[in-house]
Amino acid sequence: MPALVLLHGGGPGVDAASNWASVRAGFDGEFRCLAPDLLGFGTQVAGTGGLVGPRAWALARARQVLDLLDHHGLERVHLVGNSAAGGAAALALLSVAPGRVGRAVLMGGAGTGPPPPAVPFYDNPTRTSMRATLGRLVADESVHKGLLDELTDLRLKQALRPGAESAFRSMFADVVGGPPPPDPAKITTPVLALHGERDRVQPVEVSERLAEALPHGRLHVVAGAGHWIHVDRPDEFVKVAGEFLSA
């Protein structure tokens, strides 16, 4: 059974289990799935001091994934990378260790679009702010009210853990110099760029540019979905991603 590493998104208070809950069962029948908490989130907040800026975090997470593969004795895996945390980490891994990845699915622009105008949630760390932050990630909040309320409580608790805010703010720090971003033109791995038609976080054009820049990139826009494609359209997400990864 091929191995699939699911790399979650980068919103405040996120963890792997809650991020992939809507689609994990759909992948488990076809793949051996690993879904780690990425550095700076969930169980991996401690010990991340010194990382500053999105590129440094992406490279550190790529190294984290390589360590995970070595720990499990996995020479080659497929990837699904979600947005500015998991997607950016996947791009970094494709750049530094292309031989370890068979195919990759990158969601929501994979961190290649413009940064947010302000750090989400932490400038106003309340339940109302968290609920509003999560609401922007789906196409229609009324469809997911129960889930969003549940995730608000979970992620508020996790976002307020010691060290979580400082780690999160450092991910968005504007750094002069530092490691260069991955060059998509040099990534030869087959990549599917997935984007929600109604994404309110990043416009579809971000994934269009990414797919065009990748030598073996393809774009699939999911009709009616927001930034959280896997929540808005879980069955389509599993079908489209699974067929691409199994090709």
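Quick notes on this structure:
- Förster radius 25 Å - calculated FRET efficiency between GLU150 and ARG32, Cβ distance, rounded to 0.05: 0.35
- Two-decimal log10 I(q)/I(0) for the chain, as the Debye equation yields it once each C-alpha is a single scatterer, q = 0.17 Å⁻¹: -1.36
- Residue (of ALA193, GLY11, GLN64) at the positive-pole extreme of the chain, dipole from beta-carbon charges: GLN64
- Accessible surface, the chain, averaged per residue in Å² (probe 1.4 Å): 44 Å²
- Mean Kyte hydropathy of -0.5 or more with a Cα span along the axis of at least 24 Å, helices from DSSP in the chain: 54-71
- Under the convention that each Lys and Arg Cβ holds +1 and each Asp and Glu Cβ holds -1, the size of the dipole of the range 141-207 around its Cα centre is about 180 debye.
- Given +1 at the Cβ of Lys and Arg, -1 at the Cβ of Asp and Glu and no other charges, the dipole of the range 196-235 around its Cα centre is 40 debye to the nearest 20.
- Computed E for GLU205/VAL96 - FRET, C-beta separation, R0 30 angstrom, nearest 0.05: 0.65
- Rounded percent of accessible protein surface that carbon and sulfur make up, the chain, 1.4 Å probe: 55 percent
- J(HN,Hα) series, the range 217-228, from Karplus relation 6.51 cos²θ - 1.76 cosθ + 1.60, nearest Hz, glycine and proline x: x, 10, 10, 9, 9, 8, 4, x, 9, x, 4, 8
- LYS145 accessible area, assembled protein chains, probe 1.4 Å, Å²: 120 Å²
- Residues of the range 206-226 with amide N under 18 Å of the 7 Å Cα→Cβ point at ASP183: 210-217
- Peptides 170-178, 234-242, 26-34, 12-20 ordered by packing proxy, namely the average of other Cβ atoms within 10 Å per residue, highest first: 12-20, 234-242, 26-34, 170-178.
The values are calculated or read from the model by the stated rules, or taken from the named source; none is laboratory data. All figures in this text were calculated on a predicted structure; none of them were measured in a lab. We place every Cβ from the backbone using ideal geometry, glycine too, and count neighbours over all the protein chains shown. Just the protein is used for accessible areas: all its heavy atoms, side chains included, with ligands, DNA and RNA removed. Shrake-Rupley method; radii C 1.70, N 1.55, O 1.52, S 1.80 Å.
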